[in-house]
Amino acid sequence: MTHKLSKQEKNKIFKQKLQRVHATTGISFSLLMYMALFFGIFAILLPFIQVWEKPSRHFKTADITKIDYSSMIDPVISDPDFPKNNIIITLPGYQHDPVLKISHQFVEPIIFNPNNSQKLENEGDQSQLANFLNAMHYGGPLKSFGYTIFGFMAVAVMFLVIGGLVQVITIKYKDNGKNNQSKFSKWHRKIFTWLFPPFIIITLTGAMMNIGFIGSKPMTYIASKGESSEIWRYVGPVLYPQIAHIERANESSTMLPISELIKKAQIINPNVDFQKLTLINWNDSSARVKIEGYNPYMPFLNGISNRPSVTLSAKDGTLIEDKRVLDKHWSSLVYDSIYFLHLLFGVDTATRLLISLLMLTSTFALGFGVLLYLEKKSRKFPKKIPVYNWMGKLSLSVMVGVIPSTGLLFLLQWILPFDLQDRFIWQKGLFFVFWLSTLMWSFYRLESYKAAKEFLLLGSILFILSPLAHFYGSGFSPESLYKEEMYEILSVDIGLFLFGVILFIISRILPKNREQIEIFWKKRL
């Protein structure tokens with residue numbers, strides 16, 4: 001005769017299953033989650049890092065209304081090999097980049113220092129630190145396979161966060177436990193509960209971007225009834241419509257100074273931070289200039305595919321078109337909203353730092369979750385016996401070993417010569433080799449906490465040395481960076497140094513073995 005489960009017993013079994021599924025899924029995706037969060041912090045700070053890493057960007061950002069544009073544009077346009085129509089001018093300050101960039105879809109960009117109109121040598125593929133850190137955030141080095149894996153990881157994270165919230169609501173957890181297991185559980189739950197709204201939004205948009213990238217081809221093929229699998233063939237003309245062709249009058253004409261045209265555009269739409277110009281039929285009587293940018297008063301709705309613009313006659317400055325944020329097709333507004341929530345395009349420095357702090361806090365919550373799993377495993381052994389668990393060793397390398405490996409990346413940026421052949425391949429290769437060596441060391445060291453101390457100490461040294469290498473390699477001291485108003489570059493140096501100091505302090509106070517660590521966590525959690 002079978003025993004019929006009571007409602008209380010069913011509820012208990014449901015809660016146990018919920019916890020087991022959460023723990024199994026969490027530990028399965030924990031390391032990928034950590035990588036996305038860790039490198040995501042650097043991705044948020046990408047505009048500052050990409051200026052810091054390049055010698056060609058070491059000068060202050062010029063006022064876009066006080067630049068002698070003709071001294072830079074005229075020599076480029078006079079080159080018979082440079083296209084004469086739809087020339088794009090990226091203004092100083094766009095994405096914190098101080099250069100003025102003249103480009104066209106069919107030629108390599110040409111960059112200038114707008115303070116003195118000097119043509120600069122762009123580092124190009126020789127310097128890709130910021131882009132590499134950003135690519136590590138979403139699995140870029142593994143191409144389509146990486147996008148897919150990280151996309152499904154983001155979906156799993158949403159499942160975990162929502163499932164964890166259900167657990168918090170349905171299970172009456174006690175926060176007064178004294179052992180490490182209780183403390184890890186407490187802070188894992190609390191931090192993710194506090195950060196639930198921003199974390200779920202960023203994760204959801206990240207999943208849509210990665211999974212959307214992979215899933216777009218079969219969906220496009222089905223929607224187009226087999227005509228094509230290239231999604232940009234259909235959405236490109238809507239999101240990024242081509243500029244209508246304007247016939248040249250073939251009459252030479254004097255152009256108004258670009259600085260004057262920018263001032264006129266600022267009067268017409270004072271809410272827009274203008275960032276790019278498109279020169280159409282330049283030096284012809286039919287010439288016009290499209291001045292586009294970002295409206296910070298209407299975030300979420302513009303900045304990526306939707307860019308408010310003012311089109312003026314380059315001959316006399318008369319208004320041709322004033323395109324506002326809400327004039328764009330609704331699909332572009334949705335597209336920009338999704339990307340804005342993840343890429344944080346156009347937000348100020350304070351907001352970037354705040355989101356970085358939230359993501360850093362999330363890494364601690366994730367770390368406590370992994371420690372909770374490993375603590376449960378270690379409970380099977382007496383305290384005096386070191387626990388040698390493969391998942392613990394792998395987690396140590398991925399979650400702690402990545403810190404000195406990233407510090408090496410920053411240090412190599414200013415140690416490796418910029419004219420070194422295949423410079424970035426060397427830099428990237430040494431990063432992966434070093435990171436792999438931390439995995440070997442993690443398995444070699446019997447005591448994981450001792451290995452963690454060594455990784456943190458090494459990381460602190462590398463991060464502290466990075467700004468010193470930058471000062472020496474660039475020829476700029478902290479004082480000269482401040483005096484010459486290169487605040488973005490100086491802020492990266494200060495950030496790297498402070499991060500190194502924090503790592504050094506943690507490496508000194510962290511105990512070496514399992515017995516001491518229990519006392520350590522009891523005092524601090």
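Just wondering, is there one or more residues in the stretch 261-274 that are among the acidic types (Asp, Glu), under 27 Å from the mean Cα position of the chain (by Cα) and under 17 Å from Pro308 (Cα atoms)? First the steps, then the outcome.
Pass one, the stretch 261-274, residues among the acidic types (Asp, Glu): 273.
From what is left, the residues that are under 27 Å from the mean Cα position of the chain (by Cα) are 273.
The next check asks that each one be under 17 Å from Pro308 (Cα atoms); those that pass are 273.
Looking through the stretch 261-274, at least one residue is among the acidic types (Asp, Glu), under 27 Å from the mean Cα position of the chain (by Cα) and under 17 Å from Pro308 (Cα atoms).
Matching residues to (1) over 24 Å from Ser397 (Cα atoms); (2) out of contact with any strand residue (DSSP E or B) (no Cβ under 7 Å at 6 or more places or on another chain):
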| residue | (1), (2) |
| --- | --- |
| Phe14 | yes, yes |
| Leu18 | yes, yes |
| Ile27 | no, yes |
| Leu37 | no, yes |
| His58 | yes, yes |
| Ala62 | yes, yes |
| Val76 | yes, no |
| Pro80 | yes, yes |
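Checked against the criterion of being within 30 Å of Phe39 (Cα to Cα), out of contact with any Pro (no Cβ under 6 Å at 6 or more places or on another chain) and either of a type in the set (Lys, Arg) or not assigned by the TED database to the domain that holds Trp330 (or both), the stretch 258-268 contains not a single residue that satisfies it.
Where helices (runs of 4 or more DSSP H) fall entirely within the stretch 437-510, those with at least 3 residues that are under 22 Å from the mean Cα position of the chain (by Cα) are at 448-474, 487-509.
All of (1) modelled with pLDDT of 95 or more; (2) surrounded by fewer than 16 Cβ atoms within 10 Å (Cβ to Cβ); (3) touching a helix residue (DSSP H, G or I) at 6+ places or on another chain (Cβ under 9 Å) hold for Ile268 with one exception: (3). Look at the stretch 296-315: where a residue is without any contact (Cβ under 8 Å) to a residue 12 or more places away in the chain and of a type outside the set (Ser, Thr, Tyr), no partner that is open to solvent by 30 Å² or more (accessible area, probe 1.4 Å) and part of a loop (DSSP other than H, G, I, E, B) sits 6+ places away or on another chain with Cβ atoms under 7 Å. Arg248 passes every criterion in (1) under 30 Å from Val347 (Cα atoms); (2) over 34 Å from the mean Cα position of the chain (by Cα) apart from (1).
Residues to consider are Val238, Val155, Val168, Val161; find the one that is assigned to a helix (DSSP H, G or I) and open to solvent by less than 30 Å² (accessible area, probe 1.4 Å). On inspection, the qualifying residue turns out to be Val161.
Considering the stretch 60-92 alone, what residues qualify as being open to solvent by 50 Å² or more (accessible area, probe 1.4 Å) and of a type in the set (Gly, Ala, Ser)? Step through it out loud before you land on a result.
To start, the set of residues in the stretch 60-92 that are open to solvent by 50 Å² or more (accessible area, probe 1.4 Å) comprises 60-61, 63, 66, 68, 70, 74-75, 78-81, 84, 86, 88.
Ser70, Ser78, listed by residue number.
Here the condition is being more than 30 Å from Asn122 (Cα to Cα), open to solvent by less than 50 Å² (accessible area, probe 1.4 Å), at pLDDT below 90 and out of contact with any Asp or Glu (no Cβ under 7 Å at 6 or more places or on another chain); of Val387, Val398, it holds for Val387 alone.
Quick check on my filter: what residues within the stretch 295-332 are part of a helix (DSSP H, G or I) and either surrounded by 18 or more Cβ atoms within 10 Å (Cβ to Cβ) or outside the structural domain of Glu247 (by the TED database) (or both)? Don't jump to the end; show me each part of the working.
Of the stretch 295-332, the ones part of a helix (DSSP H, G or I) are 325-327, 330-332.
Within the stretch 295-332, Val325, Ser332 qualify.
The set of residues in the stretch 446-481 being touching a helix residue (DSSP H, G or I) at 6+ places or on another chain (Cβ under 6 Å), open to solvent by 40 Å² or more (accessible area, probe 1.4 Å) and among the aromatic types (Phe, Trp, Tyr) consists of Tyr449 alone. Scanning the stretch 93-118 for residues that are in contact (Cβ under 8 Å) with a residue 12 or more places away in the chain, closer than 18 Å to Ser71 by Cα and open to solvent by 40 Å² or more (accessible area, probe 1.4 Å) returns Lys101, Pro109, Asn115.
The values are calculated or read from the model by the stated rules, or taken from the named source; none is laboratory data. Since the structure is predicted, the reported quantities are computational estimates derived from the model, not experimental observations. Neighbour counts run over all protein chains shown; Cβ positions are idealised from the backbone, glycine included. Remember, those area values only see protein heavy atoms, side chains included, never the ligands or the DNA or RNA. Shrake-Rupley method; radii C 1.70, N 1.55, O 1.52, S 1.80 Å.
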